[in-house]
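Remarks on the structure that follows.
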Amino acid sequence: MAVGVFDSGLGGLTVLEAVTKRLPDVPFVYFGDNAHTPYGVRDPQDIYDLTTAGVQCLFDEGCDLVILACNTASAAALRRMQEGWVPHEKRVLGVFVPLIEALTERKWGDNSPPREVGVKHVALFATPATVSSRAFQRELAFRAIGVDVEAQPCAGVVDAIEMGDMILADALVRSHVESLLRRMPKPEAAILGCTHYPLVEDVFRDALGPDVAVYSQPDLVAEALADYLGRHPAMRGAGTESKFLTTGDPRRVSSKATQFLRRSIPFEAADI
Ligand code: DGL
């Protein structure tokens, strides 16, 4: 019984950490496409091809349910995958919806018409591909009216994190926040719309100041997954072993992952 967790690289580990804590009895198979990260500067076809290859690898590992712990893949590829690629007995879920439900004060599966919500000015920080897909605004429009979203494509941040250059990541985050605040001086809420960003969440919080509510995905996704598995226990799949797979160099990736999560994360080469 294993659930797959997919990301372009190390960012999905922030989600993995939260789902493991929330569901300690569920084995998780993590797939990081470190050889092809970052996805955020790729075109939608490229992201679709890479995401389907990685998710297929997780299906082959015995996962019937895969979480795309990658906003870029969720934004650029998920809908197309669900419409024509995911086999009937498998499920692939993205990470946008739990976040948007939290922002719009909705419960899972509440499909009532869009309505006014508490927040009116929202800052979205995400990769260039996620921002240009406008997937966040689309999902939000299904649930809320009258919310002004200002999106900041955060070029370079994922690259810096993947390289382990946290000084560069810090400087880039501050400059992206500054640039957004010039266009929207008083957001009430900020969305960290990339699973790499919780690794620099304190920098976002510091640069945004204490009056901005920061929405970060890992705990929201963990809650949504617990709820989903409660209602669909059969989707835990046939796999029984937790493991970490990468298309990159397993030694290098393990060392970075261990540094981020502060526990030993032994990656092995993905069979892809
Ligand atoms: N961590 C991913 C996301 O949530 C992907 C970032 C990237 O590869 O550019 O968007």
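The values are calculated or read from the model by the stated rules, or taken from the named source; none is laboratory data. Note that the coordinates shown come from a computational prediction; the quantities given were computed from them, not determined experimentally. Methodologically, a virtual Cβ is constructed for each residue, glycine included, from the backbone with ideal geometry; neighbour enumeration extends over all protein chains shown. For the accessible areas, the whole protein counts, side chains as well, though only heavy atoms, and no ligand, DNA or RNA atoms are used. Shrake-Rupley method; radii C 1.70, N 1.55, O 1.52, S 1.80 Å.
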For the stretch 48-53, Karplus couplings with θ = phi - 60° (6.51, -1.76, 1.60), whole Hz, Gly/Pro x: 4, 4, 5, 5, 5, 5
Alpha-carbon centroids, the stretch 197-259 and the stretch 149-196: separation in whole Å: 18 Å
Against the rule of thumb 2.2 N^0.38 Å, how large the Cα Rg of the chain comes out: 0.95
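Given axes a ≥ b ≥ c from the Cα gyration tensor, I'd like to know whether the stretch 70-127 is rounded (a/c under 1.5), prolate (a/b larger than b/c) or oblate.
Values: a/c = 2.91, a/b = 1.58, b/c = 1.84.
In terms of gyration-tensor shape, oblate.
Please list, by residue number, every one of the chymotrypsin sites (Phe, Trp or Tyr not before Pro) in the stretch 52-96 that is coil in DSSP and has at most 16 other beta-carbon atoms within 10 Å. Walk me through the intermediate numbers first.
Working: sites: 59, 85, 96; in loops: 85.
Here the sparse-neighbourhood loop sites are 85.
Give me the net charge for the shell around residue 157: Cβ to Cβ below 11 angstrom, other residues only, Lys and Arg +1, Asp and Glu -1. Walk me through the numbers before you get to the answer.
Working: positive: 174; negative: 159, 162, 165, 170.
After counting each charged neighbour, the total is -3.
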Pair-distance profile P(r), taking every C-alpha pair of the stretch 54-94, with 5 angstrom steps and integer %: 6, 24, 38, 25, 8, 0
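Volume per residue, Å³, of the convex hull around the alpha-carbon atoms of the stretch 132-203?
Values: hull volume 7.1 nm³, N = 72.
Looking at the stretch 132-203, the number lands at 99 Å³ per residue.
Which value, in Å², gives the accessible area per residue of the chain when a 1.4 Å probe is used on the protein heavy atoms? All intermediate terms of the calculation are to be shown ahead of the outcome.
On the way: 11790 Å² over 272 residues.
In whole numbers, the chain has 43 Å² accessible per residue.
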Label-point separation, residue 105 to residue 132 (7 Å along Cα→Cβ), nm: 3.7 nm
Packing-based order for 31-44, 188-201, 63-76, 110-123, using average beta carbon neighbours within 10 Å, highest first: 63-76, 188-201, 31-44, 110-123
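Ordering 61, 162, 268 from largest to smallest accessible area (1.4 angstrom probe), what's the sequence?
Numbers: 61 55, 162 15, 268 85 Å².
Highest to lowest solvent-accessible surface, that is 268, 61, 162.
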Largest-first ordering by accessible area, 1.4 Å probe, given options 202, 165: 202, 165
Percent carbon-and-sulfur accessible area, the stretch 123-272, ignoring ligands, DNA and RNA, probe 1.4 Å: 52 percent
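Using only the Cα atoms of the stretch 218-271, build the gyration tensor, take square roots of its eigenvalues as a ≥ b ≥ c, and label the shape rounded, prolate or oblate: rounded if a/c is under 1.5, else prolate if a/b is larger than b/c, else oblate.
Details: a/c = 3.26, a/b = 1.72, b/c = 1.90.
Judged from the Cα gyration tensor, the stretch 218-271 comes out oblate (a/c at least 1.5, b/c at or above a/b).
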Values of log10 I(q)/I(0), in the order q = 0.15 Å⁻¹, for the stretch 18-100 under a Debye, Cα-only, solvent-free model: -0.54
The chain: most fluctuating residue of 140, 180, 168 per GNM, C-alpha cutoff 10 Å: 168
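With a sphere of radius 14 Å drawn around the Cβ of residue 182, what net charge do the other residues whose Cβ falls strictly inside it have (Lys, Arg +1; Asp, Glu -1)? Each step should come with its number before you reach the end.
On the way: positive: 174, 183, 186; negative: 150, 178.
Within the 14 Å Cβ shell, the charges total +1.
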